[in-house]
Number of protein chains: 2
Amino acid sequence: MSSTKPPGGTRDFLPADVRRREYVIGVVRDVYERYGFEPLETPAFENIETLLGKYGEEGNKLIFKILRRGEHEGSGDADLALRYDLTVPLARVVAQYQNDLPRFFKRYQIQPVWRADRPAKGRFREFYQCDIDIIGTTSTLVEADILSAVSEVLRRLGFEDFNIRLNHRQLLAAILRMAGVPAALHDNAVVAIDKLDKIGRDGVKHELVARGVPEVAAAKCVFLCEPIDHAPSMRKALEADNETAGTHALDQLEEIERLVAMSGPSRIIIDTSLARGLSYYTGAIMEISVPDLSGSLGGGGRYDNLVGMFLGRDLPACGFSLGLERIIVVMTERGMFPESVVGGGVDLMVTIWNHDTRGDSVALAGDLRKAGLRVDLYPEADKIGKQFKYAAARQVPFVAILGDDERARGEVAVKDLRSGDQTSVARADVASFVKSRLHG
Amino acid sequence: MSSTKPPGGTRDFLPADVRRREYVIGVVRDVYERYGFEPLETPAFENIETLLGKYGEEGNKLIFKILRRGEHEGSGDADLALRYDLTVPLARVVAQYQNDLPRFFKRYQIQPVWRADRPAKGRFREFYQCDIDIIGTTSTLVEADILSAVSEVLRRLGFEDFNIRLNHRQLLAAILRMAGVPAALHDNAVVAIDKLDKIGRDGVKHELVARGVPEVAAAKCVFLCEPIDHAPSMRKALEADNETAGTHALDQLEEIERLVAMSGPSRIIIDTSLARGLSYYTGAIMEISVPDLSGSLGGGGRYDNLVGMFLGRDLPACGFSLGLERIIVVMTERGMFPESVVGGGVDLMVTIWNHDTRGDSVALAGDLRKAGLRVDLYPEADKIGKQFKYAAARQVPFVAILGDDERARGEVAVKDLRSGDQTSVARADVASFVKSRLHG
């Protein structure tokens, strides 16, 4: 007998799990639609050559490959591979449908991806990504639109205490030049700076040195990359060093901050210590976090050289990926889900009085469902106490009983299983009676 | 350069496709929730031994197998396989969480499955299944509940002309016995009878004979299995032959028909020619069709020996699978989608008057989004005519223009791109102005 557990690193989502996930996805979708983003879905697998070589050597190893079928199965070759992220499929779609897509393509995509990482707490082999991207323009309105949309998602979900850290790859490069970090070591230095909030200033300095950055440059680097909003002094330093690219980057960040503030409260901090690991970013970079979670709730940035990979030319793009799994963890821990989501899926259960009156129970259930209630129907003519017990175990708040007396009077007995109160209600009034008491 | 098409047999869903799919899935979910079904989701892949041997020899060949990773990749062995249907995962879940699930588990599951079928028109390698099942009881209330729920889904989607054909495996067996078909040929005969609406009475008779059924038995078989509701004469024939199992099956079908009629208009026809290919059905079988589609919109039945496969004991179950892909095809062909679904994803686009007034455009977009409109923001300070053209090409019905005069008066010019009418509206009234004219 094989195990009945789901494969390592994957999860079964039982009803309460699916409801929480669907609630979050529903809010995300609704907000992104209001911001004019359009939904895209791509197949679970891609031709293997579409994915190989796109995620570095380490990524290649983590791709799930699908065996060829039929007579070729014995060859052990793979011709397909499971989606590893939502960016490469987007790049493929942009190339394939370039004549059908709008010049500025704003898309959202919420689908699972698969990575053969070693499973660990909070690290899965199947997990959802939740991406927005705007393609086709270098305008900073796009960064602002994305940050406003993401902020609205978090507010609608009930997050009040999130922070948006904002930086710019060109500003980071200018800082590294000003600190005297050799150009060949910039990528390496970014990786070290990225760890500032984890290992602290001294830790970053040590790591910079270990990565070959001269001691003095490392110290200056740490001094310049502080997690505070010190734009005015930064501007002076940039101007003093004639760092026009850095000054321009800082202009962009301040512009983004100003534009976001036009549509609502902005929670942006320009933070020159934000580095974000991915080497493909070319402009603004951003990350959202909350105080009680190490790591971020999501991040993104501008990457102008990637989405055009299948077109053979650069295509400006800016994107943001919300960490759906993390959002659900934090919301669950903080008890942020509304009662209607966590309170179970059934409002009322219609009981069966006896075999001969089953039709009456079916008819009542039908009417209450038409009235918008979520109604379960007990399937057997069991003892009524057993039916009550079943409903209580499922956390159904109300049961309806069609006893002989009630039926004779055109009424229904409605029992509130939370309080134990039982009331006889005219049959036509049951729906409104229950609705008024459901979440009161 | 590799192809940018999706892999053979799979599809990219562009925004208009996703909207249609999400609309149908939303209705299905809402109705199933009202009927007390609860959502379940399982991983895209299962351990390979969970799936192998569950779908017959032909099915085994159609399973997508995933290559082992890391040092084992070279072995060419597979340890995981993509979900082939939603029933085996359900059986696994029922075994794994038997102590957490309710005694009567009513679940719905809407997820893609993958089959390495040869791609053809309307046949895909990745497609959605949309299943409901009620587990844990042999009560006919369950068949009735399922048929009511499925009927409500179709009515809510706008189908008025569907038919539900209903039969029973035990009734079919009784008919075959009465016709004199040898017991060893029953499974074979069912396959032939299943083709009645495709190849006609003579065709079925020939196929029965070709499959070894004696000429006289084949003729009687075709005579008894007619696609009309002739239950009274069938009952007499069953009673005359002392076919108590058959009579009991007919009782059940009439009971199901009566119960479904209690909660709304029933469109059930008891049709003794309905066979349904799958050999695992044990009781009632059902299929829903519409006149202009050969094949069905969905089907199901009772299968009491399958869901317990990982428990090592029988577990009564009844299920129904809606053909999501076919429903979408028929609804598209018939133009059944509401205007709000096919009319594009954006209600209004805010234009950019010039670089310096971008913040005003951002603020207006923010306010209109808060008011519930789906609002796009043009990202660049292009010529206004170019911005109009872009909006028109995307089928956006309204654009907002914040010209110097309008801004000075606290107004916004709103242009209806469908009629060409342009109106100057007080800034605070733009949302209600647009809403009142959107789908009017």
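The values are calculated or read from the model by the stated rules, or taken from the named source; none is laboratory data. Only a predicted model underlies this, so the values are computations on that prediction, with no experimental measurement involved. Note that we place each Cβ from the backbone using ideal geometry, even for glycine, and neighbour counts take in every protein chain shown.
Assorted remarks:
- Pairs, first closer than 12 Å to B:Arg165 by Cα in the range B:284-308, second in a strand (DSSP E or B) and of a type in the set (Asp, Glu), C-beta under 7 Å, six or more apart: B:Ser296/B:Glu287; B:Gly299/B:Glu287
- The range A:109-152, residues that are under 22 Å from B:Thr42 (Cα atoms), of a type in the set (A, V, I, L, M, F, W, C) and facing chain B (nearest Cβ under 9 Å): A:Trp114, A:Ala116
- Under the condition of being more than 7 Å from every other protein chain (Cβ to nearest Cβ) and among the hydrophobic types (A, V, I, L, M, F, W, C), the residues counted in the range A:52-75 number 3.
- Some residue of the range A:158-168 being hydrophobic (A, V, I, L, M, F, W, C) and over 30 Å from A:Val222 (Cβ atoms): yes
- Given (1) surrounded by fewer than 16 Cβ atoms within 10 Å (Cβ to Cβ); (2) more than 21 Å from B:Ile135 (Cα to Cα); (3) within 34 Å of the chain's Cα centre (by Cα), index of the condition A:Gln395 fails: (2)
- Subset of the range B:283-311 that is closer than 20 Å to B:Arg169 by Cα and of a type in the set (D, E, K, R) - its residue that is surrounded by the most Cβ atoms within 10 Å (Cβ to Cβ): B:Arg302
- Beta carbons closer than 7 Å, at least 6 apart along the sequence or on distinct chains, pair a first residue in the range B:247-264 that is assigned to a helix (DSSP H, G or I) with a second that is charged (D, E, K, R) for B:Thr247/B:Arg235; B:Thr247/B:Glu239; B:Leu250/B:Arg235; B:Ile256/B:Glu143; B:Leu259/A:Arg358.
- Applying the set (1) over 17 Å from the mean Cα position of the chain (by Cα); (2) surrounded by fewer than 20 Cβ atoms within 10 Å (Cβ to Cβ); (3) part of a loop (DSSP other than H, G, I, E, B) to A:Glu71 leaves exactly one unmet item: (3).
- The set of residues in the range B:8-26 that are within 9 Å of chain A (Cβ to nearest Cβ) and in a helix (DSSP H, G or I) comprises B:Pro15, B:Ala16, B:Asp17, B:Val18, B:Arg19, B:Arg21, B:Glu22.
- Condition check for A:Thr282: polar (S, T, N, Q), modelled with pLDDT of 90 or more and in a loop (DSSP other than H, G, I, E, B): yes
- A:Glu49 falls short on exactly one of the conditions (1) crowded, with 18+ Cβ neighbours inside 10 Å; (2) charged (D, E, K, R); (3) at the interface with another protein chain (Cβ under 9 Å from one of its Cβ atoms), and that condition is (1).
- Some residue of the range B:318-328 being surrounded by 16 or more Cβ atoms within 10 Å (Cβ to Cβ) and assigned to a loop (DSSP other than H, G, I, E, B): yes
- The single condition from (1) over 30 Å from the mean Cα position of the chain (by Cα); (2) under 30 Å from B:Val94 (Cβ atoms) that B:Met309 fails is (1).
- Among the residues making up the range A:288-331, those that are of a type outside the set (Gly, Ala, Ser) and within 16 Å of A:Arg155 (Cα to Cα) are A:Ile288, A:Val290, A:Pro291, A:Leu297, A:Leu322, A:Leu324, A:Arg326, A:Ile327, A:Ile328, A:Val330, A:Met331.
- Residue match in the range A:181-191 (condition: over 16 Å from A:Gly36 (Cα atoms), out of contact with any strand residue (DSSP E or B) (no Cβ under 8 Å at 6 or more places or on another chain), without any contact (Cβ under 8 Å) to a residue 40 or more places away in the chain and crowded, with 19+ Cβ neighbours inside 10 Å): yes
- Considering the range B:359-388, the residues that are basic (Lys, Arg) and under 38 Å from the mean Cα position of the chain (by Cα) include one that is farthest from the other protein chains (Cβ to nearest Cβ), namely B:Lys370.
- Selected residue (criterion: nearest to B:Arg313 (Cα to Cα)) from residues of the range B:76-91 that are more than 7 Å from chain A (Cβ to nearest Cβ) and over 19 Å from the mean Cα position of the chain (by Cα): B:Ala91
- Test result for A:Arg155, of a type in the set (Lys, Arg) and within 13 Å of another protein chain (Cβ to nearest Cβ): yes
- Taken over the range B:265-275, residues that are surrounded by 21 or more Cβ atoms within 10 Å (Cβ to Cβ), part of a loop (DSSP other than H, G, I, E, B) and not small (Gly, Ala, Ser) amount to 3.
- When the residues of the range B:405-440 are filtered to those that are basic (Lys, Arg) and assigned to a helix (DSSP H, G or I), the one that is farthest from B:Val362 (Cα to Cα) is B:Arg437.
- Counting only residues that are surrounded by fewer than 23 Cβ atoms within 10 Å (Cβ to Cβ) and either facing chain B (nearest Cβ under 7 Å) or out of contact with any helix residue (DSSP H, G or I) (no Cβ under 9 Å at 6 or more places or on another chain) (or both), the range A:92-108 holds 9 of them.
- Qualifying positions in the range A:27-46 - aromatic (Phe, Trp, Tyr) and facing another protein chain (nearest Cβ under 7 Å): A:Tyr35, A:Phe45
- Scanning the range A:393-420 for residues that are closer than 27 Å to B:Asn99 by Cα and either at pLDDT 95 or above or away from every other protein chain (no Cβ under 14 Å) (or both) turns up A:Val396, A:Pro397, A:Phe398, A:Val399, A:Ala400, A:Lys415, A:Asp416, A:Leu417, A:Arg418, A:Ser419, A:Gly420.
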